[in-house]
Amino acid sequence: MRHSHRLPGLTFDPGIIVLSPGIHSALEQPSALRQYLDHFLECHLATDFGFISRSTHFDNTLAALFGSGELTSRYFLPASISPPHTGLIFTTHLDAHTTTIRFASEQL
């Protein structure tokens, strides 16, 4: 079962925000996607990692504590926002000082 997990008290620097080609393309069309991206980026930075597995929660906790590795968040989008995409994945690469935002259906 997947739950929304939060790590209160742990902060991290997102570094440079990198948008995937699919996100870039979707932002060229009028939609509410931009507001969802802003909202979910705030959630990610507040360590509300959305709907992730227990193993991802464990990995996020270790990465946040050690300041090394990756922090991953998953969020759901309403189907009307950017069909056929229904999910977003935010990945902060702590060692590279970047955060990648992509649709769940995109492979990077």
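Summary of values
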item: Ile16, sole failed condition from (1) touching a residue at least 40 places away in the same chain (Cβ under 8 Å); (2) open to solvent by less than 80 Å² (accessible area, probe 1.4 Å); (3) of a type in the set (Val, Ile, Thr); result: (2)
item: Single residue of segment 66-108 satisfying the filter (among the aliphatic types (A, V, I, L, M) and not in a strand (DSSP E or B)) that is most open to solvent (accessible area, probe 1.4 Å); result: Leu108
item: Search result, residues across segment 39-56 that are of a type in the set (A, V, I, L, M, F, W, C), part of a helix (DSSP H, G or I) and within 15 Å of Asp13 (Cβ to Cβ); result: Leu41, Leu45
item: Yes/no for Ala63 being in a helix (DSSP H, G or I), touching a helix residue (DSSP H, G or I) at 6+ places or on another chain (Cβ under 7 Å) and either open to solvent by less than 90 Å² (accessible area, probe 1.4 Å) or hydrophobic (A, V, I, L, M, F, W, C) (or both); result: no
item: Any pair with Cβ under 9 angstrom, 6 or more apart, that starts in segment 37-66 at a residue that is in contact (Cβ under 8 Å) with a residue 60 or more places away in the chain and ends at one that is part of a helix (DSSP H, G or I) and open to solvent by 40 Å² or more (accessible area, probe 1.4 Å); result: Leu37/Leu27
item: Count of segment 19-36 residues which are open to solvent by 30 Å² or more (accessible area, probe 1.4 Å), in contact (Cβ under 8 Å) with a residue 60 or more places away in the chain and not in a helix (DSSP H, G or I); result: 1
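The values are calculated or read from the model by the stated rules, or taken from the named source; none is laboratory data. Being a predicted model, the structure only gives us computed values, none of them experimental. Every residue, glycine among them, receives a Cβ derived from its backbone with ideal geometry; neighbour counts consider all protein chains shown. Calculation scope for accessible area: heavy atoms of the full protein, side chains included, ligands and nucleic acids excluded. Shrake-Rupley method; radii C 1.70, N 1.55, O 1.52, S 1.80 Å.
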